[in-house]
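The values are calculated or read from the model by the stated rules, or taken from the named source; none is laboratory data. These numbers were taken from a predicted model, which means no experiment stands behind them. Neighbour counts run over all protein chains shown; Cβ positions are idealised from the backbone, glycine included. Protein only, heavy atoms only, side chains kept; ligands, DNA and RNA dropped before computing areas. Shrake-Rupley method; radii C 1.70, N 1.55, O 1.52, S 1.80 Å.
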Amino acid sequence: MNIKVNPQIELKPLEMGDSTSIFTILDQQRDYIGKWLPFVQYTHKIEDTRKFVASMIEEAEKNTTKVYSILLGCELIGLISFKDISKVNKSTEIGYWISQDHQGRGIMTDAVRQMCKMAFEEWKMNRIVIKCAEENYPSKRIPQKIGFKYEGLERESIVMIDGQFANLEVFSLLKSDGIVI
């Protein structure tokens, strides 16, 4: 079932047919997206993306991850996901990326808001986490705009494309924070 974010944007559960669009964006924007998402360096062929999509669909069936394609009209422009879903702890993490051509328009902020609403209202989650590379200012602005609280720094938490470690800033939103989504 697709989730309406606004009149132009929908979130659609990831499916195998999305592989080509995902690969095309990653391949055309390799330097830009790969700067913050190290997996891009391992995505050289469409088959790499197909394997990723298949694994995410399998994880969705286990209810540990839910990945959605972000659609502007009929065009796939990015992905957003719940990962590390814990029904016991009522918590999840949201991860996301969007095509460079569509940044700066509030699309991802609106998509994250919709995901938070779904997590709190439909899934009865208590805690949502977003982690962003310390230097990735556009990504960090999203949880800040919504009202997530800064929790701290995961030092040298991720290996970047240049082999260097990067710190991740951790933001969280609790249902009890009372933020109107």
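At 1.4 Å probe size, with no ligands or nucleic acids counted, give the accessible surface of Asp162 in Å², nearest ten.
Accessible area of Asp162: about 110 Å².
From the backbone phi of segment 121-134, what are the Karplus-calculated ³J(HN,Hα) couplings (6.51 cos²θ - 1.76 cosθ + 1.60, θ = phi - 60°) in whole Hz, Gly and Pro given as x?
7, 8, 8, 6, 6, 10, 9, 10, 10, 10, 10, 10, 4, 3
Leaving out ligands and nucleic acids, note down the accessible area per residue over the chain with a 1.4 angstrom probe, in whole Å².
54 Å²
Using a simple charge model, +1 on the beta-carbon of Lys and Arg, -1 on the beta-carbon of Asp and Glu, nothing else, what dipole does segment 50-121 show about its Cα centre, in debye to the nearest 20?
For segment 50-121, the charge dipole is close to 140 debye.
Here are several values of volume of the Cα convex hull per residue in Å³: [x] 141; [y] 158; [z] 117. Which one was derived from the coordinates shown?
It is the value labelled [z].
Pairs of Cα atoms under 8 Å, at least six residues apart: use those to get the relative contact order of the chain, whole percent.
Value for the chain: 18 percent.
How much length would be gained if the chain were fully extended between Glu135 and Tyr42, taking 0.36 nm per residue of separation minus their Cα-Cα distance, in nm to one decimal?
Full extension of this stretch gives 31.3 nm more.
In segment 105-181, what GluC sites (Glu not before Pro) fall in a loop by DSSP, with at most 13 other Cβ atoms inside 10 Å?
The qualifying sites are Glu135.
So if I place +1 on the C-beta of Lys and Arg and -1 on the C-beta of Asp and Glu, and nothing else carries charge, what would the dipole magnitude of the chain be about its Cα centre? I want it in debye, nearest 20.
Charge dipole of the chain: 600 debye, to the nearest 20.
Arrange the residues Arg155, Arg141, Arg105, Arg113 by how much accessible surface each exposes, largest first, with a 1.4 angstrom probe.
Descending order: Arg155, Arg105, Arg141, Arg113.
Accessible area of Ser86, 1.4 Å probe, to the nearest 10 Å²?
Around 30 Å² of this residue is reachable by solvent.
Once R0 is set to 22 Å, what does the formula 1/(1 + (r/R0)^6) return for the Cβ-Cβ distance between Lys51 and Lys12, expressed as a FRET efficiency to the nearest 0.05?
In this case the efficiency is close to 0.65.
Can you say what percent of the DSSP beta bridges in the chain, counting only those with both residues inside, are antiparallel? Round to 5.
90 percent
Nearest 500 deg cm²/dmol is fine: what mean residue ellipticity at 222 nm does the chain get from its DSSP H runs of n ≥ 4 alone, each adding -39,500 (n - 2.57), divided by its residue count?
-8500 deg cm²/dmol
Within segment 61-100, report the trypsin sites (Lys or Arg not before Pro) that DSSP leaves as loop and that have at most 13 other Cβ atoms within 10 Å.
Answer by residue number: Lys62, Lys87.
State the percentage of accessible surface on the chain attributable to carbon and sulfur atoms; use a 1.4 Å probe and exclude ligands, DNA and RNA.
50 percent
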